[in-house]
Every structure is written in C-alpha cells, then in structure tokens.
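What follows is a set of notes on a single structure, which appears directly below.
The values are calculated or read from the model by the stated rules, or taken from the named source; none is laboratory data. What you see is a predicted model; the values in this text were computed from it and never measured. Here the Cβ is made from the backbone with ideal geometry for all residues, glycine too, and neighbour counts use every protein chain on show. In case anyone asks, the SASA skips ligands and DNA or RNA and just uses the protein heavy atoms, side chains included. Shrake-Rupley method; radii C 1.70, N 1.55, O 1.52, S 1.80 Å.
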Amino acid sequence: MSTPSTATSNSPAASASGEPVILTRGLAKTYEGAEPVHALRPLDLQIDRGEFVAVMGVSGSGKSTLMNLLGCLDTPTTGSYHLDGVEVADLTRNQRADLRSQKLGFVFQGFNLLARTTAVDNVLLPLLYDRTGRIKKPRDRAVEALTRVGLEHRLDHVPSELSGGQQQRVAIARALVNEPAVLLADEPTGNLDTRTTVEVMALFQDLNDAGITILVVTHEPEVSEYCRRVVELRDGRLIRDETVEDRRDARRDLATDTPLIPLPE
Amino acid sequence: MKWQKLFRAALDSILKNRMRSLLTMLGIIIGVGAVAILVSLGQSAQAAIADEIGGLGANLLFVSPAPSDAGGVRGQEGRQNEITMADVDALRQQSIELGAVSPATFSGGSQIIGGIGNWSASIQGVSPEYQAVRNWDIAQGTFFDQAEVDGRAKVAVLGQTVADELFPGQSPVGAQIRVRNVPFKVIGVLEAKGGGLGGDDQDNVILAPVTTVQSRLRGDNSVDVVFASAADPGRVDAAEAEIKAIFRSLNGISDPEQQVVDVQSQASILEFANTALNLLTALLGAIAGVSLVVGGIGIMNIMLVSVTERTREIGIRLAVGARGGDVLTQFLIEAVLLCLFGGLLGTGLAFGFAAIASALAPFEVTVGMDVVLLAVVFSAVIGVFFGFYPARKAARLDPIEALRYE
C-alpha cells in the first residue's frame, strides 16, 4: 500500500513524467439508508498538471461529494482515486490527513480563517501539521504566499480587520503555502460581490499561469468562463466536460470594467 | 518537533480567550488552594507540636507511679505504688541508659507574694539535674546545686512569667518571695520557654529544691514524677525498659508483666499527637479534594463547550492536514495548561492564606515544597483526566461536518 511518505518522494518524479494530478476510475459514493442515495455515480475523471477546471452543477448534483472525495476528506464507496500518483481510496484517516497536508490546498466559500489570528499566522496553519519537514523557514514562506496574493501590507491584520476579498486572499495564500499539487476551491466567490469575484478569478488565473493546478467548484456560469475547462454534474452523473471557448481574461475585465456583467439572478 | 508547535497553538488559544480561561481555571484554583492550605495547616501544626515537645528537653522520659492494678495484674493487697527519693537515687546509680535524672514534686498552684504584689504559679521541687533533663537554661543568676538540695535551702528559681509579673523591669535575683508564708530567696530566673502543649504557660513556674518543697510545702517524702533523659536518643525504648526493670527489682517484683511505674516518652506523646493530626489533615484534605474534583469537572464542562464552539476551527485544522492525534494533543495540552496555571494560582492563593493564618494562629503556617509539587502534579493529572474526553471528541470530528458547522 502506498503511503503519503513514499508519495512525497515520488511526487517530483510524477510531475516530471506528466502523470495526471487527479485520476479517478469508477469513483462513486453512495449514502446507505432506507433508500440509498447515489450522491456520485461511477465517475472517470482525469485532470492534468496545470489545468484550471470548473466543476459545475446545481445543488444536489454531486459536486460537493466529488469535492470532498477529491479533497481526501471522504472515502469513496467504490472506485479508485489517484492523487498525484497516490491511491487514496484505501488510505487511513491519518494518511489522508498527511496527504492533505502535502498535496492539497483548500479554499472555502466562507473563508474559514481562524478568528483573532493574524493573516500570517492563518497562512502558517498548514505548516504546523507538516510532518515531512520539507518547508524550511515557514514564516518566510507564509509572507511569500501573502505577497503572492497581494497582501504583503496586511500581514498582522486579523480577519475582522480585512474585507471579504482580502479574507479570501488570505485563504488562498494559506492554500498555497504548502505548495500543493492541486488547489481545491469550493464556491470561492459565493460570499463575494461581483467585482471582488472577478478579482479572485484574476488571482486564480495568475496562479494558473504560473503553473498551479486549480479546481473550482461553482454554480455560477460566469465564474466558469474564467476557467480553461468545465465539468458539469447532474444527479451524480457527468453531463458535460468541455474546454472553455473564448475564455475571459479577468485582468482585462477589471481594467475595462466590462466584467461586471450583470449576473443573472 | 510537533510538540512545541502544538503547545504554542494551545497557549495561543488560552491567551486569546482570557476570560473564558480564567473562569475555567477558577474551580482548579479554589480546589488546589483549599487542598494546599489545609494540608499546610496540618503539617505546620504537626511541626509546631514536634517543636513544642522537643522544647520539653531532649529525649525526655516521664516516670510516674503506675496504678496498682496496672497491666491487668492486681498488686499486693493494700499496696499503693509510689516513688521515693531513695528510688530516684537508686535509679540514678543503677541505670546505664539514662543521662540525667531529676525527681519532681508538685505543690499545686500557690499564691506567691513578693516584688510588687502577688501571683499564682505552680511550684515544682526538683534537683539540679532538672536543668539538663529539660534542656532549660538560666537567664539570670544561678540554679541551685546539690548542696542546697541536701541542705533543704529555701531558694527558688523563677520562670520568666513569674519574674515579669512580680518584678517588672527589674531583676528578681536576691529578692525575697513568700510561698504559703515560707520565705524563699530568689537566686535565678529561667529562660522563657513559651506556651506548652495544652496552651498552658510553661514559664509560670517556680523551681525549688525537691527536699525543700517536700518538707516545707508538702510535709511528705513523695516524688510525683521523675524526669529522666535517655543518654542515647536512639535508645529511648531501651531506657524505658530499663527504668521499668529497675523499679521492679527495687520493689522485689519478678513478674516482668507487672509494672510499678508508667514511663512515657516524648516519642509516644509525639506519636499520639501526630496520629490525631494526620487523621485531621487527611480528612480536611479529602474534603478539599472533593472541590478539586468538582473543579476538574468544570474544566471538562468548559472544554466540551469549547470543542462545540470551535467545531469550525477544528474542521479547518483537519482540512489543512492536521491528524486527529494533533487535534487531540492540542486540546489535551490546553486542558493541562489550564489546570497547571490553575494549580499554580491556587498554590499562590495558599501562600497568601498561609501568611494570614500565620498572623492569626499560635504557630507559623508554611506551605511546604512537597505540597506545591503535589498540587502542581495533581492538577496536571486532573487536566489529562478531565481533558481527555473533550479532546477525543474534538479529534474524532468529521472534517466535512465540522466545516459545515454554523
């Protein structure tokens, strides 16, 4: 059985060989009960390094279940899931925690920052649980990550002193600090206004241009227009998987103010 | 490596919620404080009594006539055990285990006239060895000597209290006092000894030659008790046995079960007092211990509330890679730190109370290092014990549920 520690040692090799970051085969989740709920029907999905994927779907489509499975927060009922070359399906709880620590970065809808804790300490949080010792000088790395999201002047601010967009950028810095194989964002713009939404998407585009693999779960079609590929689920099944044509450039939209396309409600 | 980080995280969490932390600690503060102060009171009382008894004189043995049917064996018909001056001399000559031996004859509380008025004190007739036996020095003048005992000299040595009452601000040495119309010449004053075991004043005493008290005040030859000191502090028991044996042979008794005298050693008195005080200390400590347990339950209660309140935080930690064990460790450290801080503050409280108690009690109350150590270790144990369940609850949270928690 592969363990997270061996995974670490082979991850650079894996990335060099162009192995997919995410590869699922028949991945499915069923919630047992009087009437079993097939939250996710067997799914084959491959996401390569450097991709920028939107996972779309209405409420109950199975996109949250998929997110939890891909985020190693949950275990599938059947099927296999390789994350950066590591089979996740039969890992223990602790091994999944280690995998999250080494290969995943999370961004949530509600920001989920620790209250009464400075931006830099929030960003340091994942490094607190790093067991590999691969990150030297954690604080420098945290400052670096915050600089990358444009918050180098807000290092010692606590969340209550930051705007929603700034809080989400702190969360993105936190997701980046451990150099994850993939950044998972669950409705990252759900709590943000239109302009801030585009700002966050601009940040994601910048990060993606720099080579970071990003997966965004969203129900807003406008958000998906900034991604490179859209995957759509309905009733636990994949109903769409296509490349985004005429991908929007968030930077340009911000500059020209066009973006602020009235989001249909 | 992880420990320091988790420790910091735990400490951070405590410091960021000062009020909650303080309230959580309150139970432990009071519990540890109560245990520490009560145990300290008991220990200090024991120390004070040991001091007191030590002050009676080194290795002191009290020899008194045994009731005639002592040991369940009836004595000879009509015979009453008693100690005579001859017995005392024989004891002094035959004994090898004893250092100094002094007879003592008491003449109750008597009215003493002299100096600026009159005063009531107990009169004791003793021999010069009394000083050695009781380990009691002279502050002024001299003690009487054997010649004065043999000559039934009417001389007296005053205890400090008597000297202060009858001769305030002046030296009584050379003055005359009268005890029941018998004039005595004061030749010395004893050093102050302080209060006795029962709270009586050991310095309210007048010492005179035993022969003088017998003939002038009592009109008989009897000796009430014999004060003796064991030559070797380690052989008090041997000295006790020897005294009993000598008195049996003096009275021609061969049965080793039959006793002419009772011998009480300081050790036996000390032991008795200690047993009583130990019991009391244990009882008070146990009562205080109950409050400590209640304090521990308080910690558990607040920690459980805290786990619920911080569900989302726990979810975040788990999502970014914390293992269940990391969360468990952090919460456990928090509980232990809270208890340790509480224990230290409680010990501080005990020190404060000890200072107040010292001012009020007739003896010095000190908080021993062993009590401090015990309190700190015990509070840490309480932290682990009562912190474990909430910590485990936190560690077992499902990250998905925890992140969704509002």
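A few points about this structure:
- Test for B:L373: is it surrounded by fewer than 17 Cβ atoms within 10 Å (Cβ to Cβ), under 30 Å from the mean Cα position of the chain (by Cα) and more than 14 Å from chain A (Cβ to nearest Cβ): yes
- A:P221 fulfils the conditions (1) under 21 Å from A:L45 (Cα atoms); (2) in contact with a helix residue (DSSP H, G or I) (Cβ under 9 Å, 6 or more places away or on another chain); (3) open to solvent by 30 Å² or more (accessible area, probe 1.4 Å) except for a single criterion, (2).
- Within the range A:1-43, the residues that satisfy the criterion of being of a type in the set (S, T, Y), open to solvent by 60 Å² or more (accessible area, probe 1.4 Å) and at pLDDT below 90 are A:S5, A:T6, A:S9, A:S17.
- Residue count for the range B:15-40, restricted to those that are under 30 Å from A:K136 (Cβ atoms) and either buried (at least 20 other Cβ atoms within 10 Å of the Cβ) or more than 12 Å from chain A (Cβ to nearest Cβ) (or both): 0
- Selection over the range A:164-195 of residues that are more than 12 Å from every other protein chain (Cβ to nearest Cβ), within 22 Å of A:I47 (Cα to Cα) and in a helix (DSSP H, G or I) gives a count of 1.
- Residues that are within 22 Å of A:V182 (Cα to Cα) and over 18 Å from the mean Cα position of the chain (by Cα) within the range A:223-240 comprise A:L238, A:R240, listed in sequence order.
- Candidates B:T275, B:T281 - the one that is surrounded by 16 or more Cβ atoms within 10 Å (Cβ to Cβ), part of a helix (DSSP H, G or I) and not hydrophobic (A, V, I, L, M, F, W, C): B:T281
- For the criterion of being closer than 30 Å to B:A47 by Cβ, open to solvent by less than 60 Å² (accessible area, probe 1.4 Å), modelled with pLDDT under 85 and away from chain A (no Cβ under 14 Å), B:G295 passes.
- On the stretch given as the range B:391-406, residues that are within 59 Å of the chain's Cα centre (by Cα) and open to solvent by less than 80 Å² (accessible area, probe 1.4 Å) total 7.
Matching residues to (1) farther than 24 Å from B:L22 by Cα; (2) modelled with pLDDT of 90 or more; (3) more than 9 Å from chain A (Cβ to nearest Cβ); (4) not in a helix (DSSP H, G or I):
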| position | (1), (2), (3), (4) |
| --- | --- |
| B:I314 | no, yes, yes, no |
| B:R317 | yes, yes, no, no |
| B:G321 | yes, yes, no, yes |
| B:V327 | no, yes, yes, no |
| B:V336 | no, yes, yes, no |
| B:F341 | no, yes, yes, no |
| B:T347 | no, yes, yes, no |
| B:S358 | yes, no, yes, no |
| B:E364 | yes, no, yes, yes |
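- Checking each residue in the range B:125-184 for being closer than 18 Å to B:N204 by Cα and basic (K, R) picks out B:R134, B:R178, B:R180.
- Of residues in the range B:107-154 being open to solvent by 50 Å² or more (accessible area, probe 1.4 Å), aliphatic (A, V, I, L, M) and assigned to a helix (DSSP H, G or I), the one farthest from B:R92 (Cα to Cα): B:A147
- Residues located in the range B:329-360, provided they are farther than 19 Å from B:M25 by Cβ, without any contact (Cβ under 8 Å) to a residue 60 or more places away in the chain and out of contact with any Asp or Glu (no Cβ under 7 Å at 6 or more places or on another chain): B:A355, B:I356, B:A359, B:L360
- The residues of the range A:49-59 that are open to solvent by less than 10 Å² (accessible area, probe 1.4 Å), of a type in the set (A, V, I, L, M, F, W, C) and either in contact with a Ser or Thr (Cβ under 6 Å, 6 or more places away or on another chain) or not in a strand (DSSP E or B) (or both) amount to a single one, A:A54.
- Restricting attention to the range A:232-254, the residues being open to solvent by less than 80 Å² (accessible area, probe 1.4 Å), aliphatic (A, V, I, L, M) and either touching a Leu at 6+ places or on another chain (Cβ under 8 Å) or not in a loop (DSSP other than H, G, I, E, B) (or both) number 4.
- Qualifying residue in the range B:259-271 (condition: touching a helix residue (DSSP H, G or I) at 6+ places or on another chain (Cβ under 8 Å), open to solvent by less than 30 Å² (accessible area, probe 1.4 Å), away from chain A (no Cβ under 14 Å) and assigned to a helix (DSSP H, G or I)): yes
- So A:G62, is it more than 12 Å from chain B (Cβ to nearest Cβ) and open to solvent by 20 Å² or more (accessible area, probe 1.4 Å): no
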